[in-house]
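All remarks here apply to the structure that follows.
Just so it is clear, none of the values below were taken in a lab; they were calculated from the coordinates. Everything numeric in this text was worked out from a predicted model, so none of it was measured. Cβ atoms come from the backbone with ideal geometry, glycine included; neighbour counts cover every protein chain shown.
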Amino acid sequence: MKNVRVRPKFNEKGLTQYYWRVLHHNNLELGENTEIGSFTVIDAFNGIKIEDNVKIGFNCAILSHSSIDKKSGKTVLKKNCKIGSNSVIMPNTTIGENSVVGANSFVNKDIPPNELWFGTPAKFIKKVEDQNDI
């Protein structure tokens with residue numbers, strides 16, 4: 001049996017049927033087989049790219065624009081990365097392929113591929129050889 005995934009539909013306020021919200025959803029590039037937790041907010045004002053097989057936990061904020069500190073730029077979540085619940089990904093950052101951001105983390109700089117990071121601000125913890133290393 002083939003796993004069929006229904007693409008999100010956005011209402012006039014950017015809310016999907018899965019209870020996550022995208023501001024400026026026309027600037028969102030969404031890969032295949034992604035999982036995004038309820039109550040996550042994605043601000044795609046300057047572009048957000050979420051590649052294939054990305055998992056985002058509940059209640060995250062993925063930003064491409066921050067009016068408070070004037071940071072802006074495209075944010076990219078590379079293939080197979082995972083973002084733990086309640087994390088904030090600031091504008092103009094890239095989360096590398098196969099990398100993991102622990103729950104309750106604040107990411108304000110690029111994370112290289114195959115690494116585990118967490119904290120506020122997020123810091124390097126260790127290299128990830130395979131997903132069983134986490």
*Amide H within-cut-off set for residue 83, under 5 Å, with H built and near neighbours excluded*: 55, 56, 57, 101
*asked:* Run through segment 54-134 and list the GluC sites (Glu not before Pro) located in a DSSP loop whose Cβ has at most 10 other Cβ atoms within 10 Å.
replied: 129
_Length released on extending from residue 123 to residue 70, taking residue separation times 0.36 nm less the Cα-Cα span_ = 16.8 nm
*If you plug each phi of segment 23-28 into the Karplus form 6.51 cos²θ - 1.76 cosθ + 1.60 with θ = phi - 60°, what whole-Hz ³J(HN,Hα) values come out, in order, with x for Gly and Pro?*
8, 6, 4, 5, 9, 9
*Could you let me know the centre-to-centre spacing of segment 96-124 and segment 1-56, using Cα atoms, in angstrom?*
20
*asked:* Quick check for me: using +1 on Lys/Arg Cβ and -1 on Asp/Glu Cβ, what's the dipole size of segment 21-133 about its Cα centre, in debye to the nearest 20?
replied: 380
*For Rg/Rh (Cα atoms, Kirkwood Rh), the choices are [x] 0.96; [y] 1.00; [z] 1.04; which was calculated from the structure?*
[x]
*When DSSP assigns beta bridges and you keep just the ones with both residues in the chain, what percent turn out antiparallel, to the nearest 5?*
25
_Under 23 Å between alpha carbons, and skipping anything fewer than 8 positions from residue 109 in its own chain: which lysines qualify?_
49, 55, 70, 71, 74, 78, 79, 82, 123, 126, 127
*Assuming R0 = 41 Å, what is the FRET efficiency of residue 109 and residue 7, from their Cβ-Cβ distance, to the nearest 0.05?*
0.85
